[in-house]
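K.L.:
I am attaching a structure below and will ask some questions about it afterwards.
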Amino acid sequence: MARYGKKAQQKVERAMRERKQGKLKSGRSGRKVTSRKQAIAIGLSEARKKGAKVPAGRKPRRSR
């Protein structure tokens, strides 16, 4: 069974293409994204918002 849906794949592809062209900007600060990992994270988060099949993000560790 696939972990990611087709829609999620398309969103990540679009984000990676925009990053390569220098057009991808981060949400809050609006600065240009140069990191590959950050581009993937942006694509996955957009896919999650659209309701695509994407596993939940990492949960923060509980401190004792």
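The values are calculated or read from the model by the stated rules, or taken from the named source; none is laboratory data. The shown structure was predicted, so the numbers you read here are calculated from the model rather than taken from an experiment. Ideal geometry is used to build each Cβ from the backbone, glycine not excepted, and the neighbour counts take in all protein chains shown. Surface areas here come from the heavy atoms of the whole protein model, side chains and all, with no ligands, DNA or RNA. Shrake-Rupley method; radii C 1.70, N 1.55, O 1.52, S 1.80 Å.
K.L.:
Would you mind working out the accessible area per residue for the chain, using a 1.4 Å probe, and quoting it in Å²? Spell out each step's value before the answer.
P.N.:
Working: 5850 Å² over 64 residues.
Averaged over the residues of the chain, the accessible area is 91 Å².
K.L.:
Right, something else. Report the gain in length on full extension from E18 to A56: 0.36 nm times residue separation, minus Cα-Cα distance, nm rounded to one decimal. Could you put the intermediate results ahead of the total?
P.N.:
Numbers: separation 38, 0.36 × 38 = 13.68 nm, distance 2.39 nm.
Extending this stretch completely gives an extra 11.3 nm.
K.L.:
Taking the Cα centre of the chain as the origin, how large is its charge dipole in debye, to the nearest 20, when only Lys and Arg (+1) and Asp and Glu (-1) carry charge on their Cβ atoms? Don't skip to the end; give the middle numbers.
P.N.:
Details: 24 positive and 3 negative charges, 57 e Å.
With only Lys, Arg, Asp and Glu charged at Cβ, the dipole is about 280 debye.
K.L.:
Quick one: which of K25/K59; K25/K49; K25/K53 span more than 21 angstrom between C-alpha atoms? Provide the component values of the computation, followed by the final result.
P.N.:
Numbers: K25/K59 25 Å; K25/K49 17 Å; K25/K53 24 Å.
Where the Cα-Cα span goes over 21 Å, the pairs concerned are K25/K59; K25/K53.
K.L.:
Got a number for carbon plus sulfur as a percent of the chain's accessible area, 1.4 Å probe?
P.N.:
Numbers: 2810 of 5850 Å².
Exposed carbon and sulfur together represent 48 percent of the surface.
K.L.:
Give the average over all directions of the projected area of the C-alpha convex hull of the chain, one decimal, in nm². Write down the numbers at each step before the final one.
P.N.:
Details: hull surface 23.4 nm².
Over all viewing directions, the chain projects a mean Cα-hull area of 5.9 nm².
K.L.:
Pull up all non-local amide H partners of V33: gap of 5 or more, or a different chain, and H-to-H distance under 5 Å with H placed in the peptide plane.
P.N.:
Those lying under 5 Å, H to H, from V33 are L24, K25, S26.
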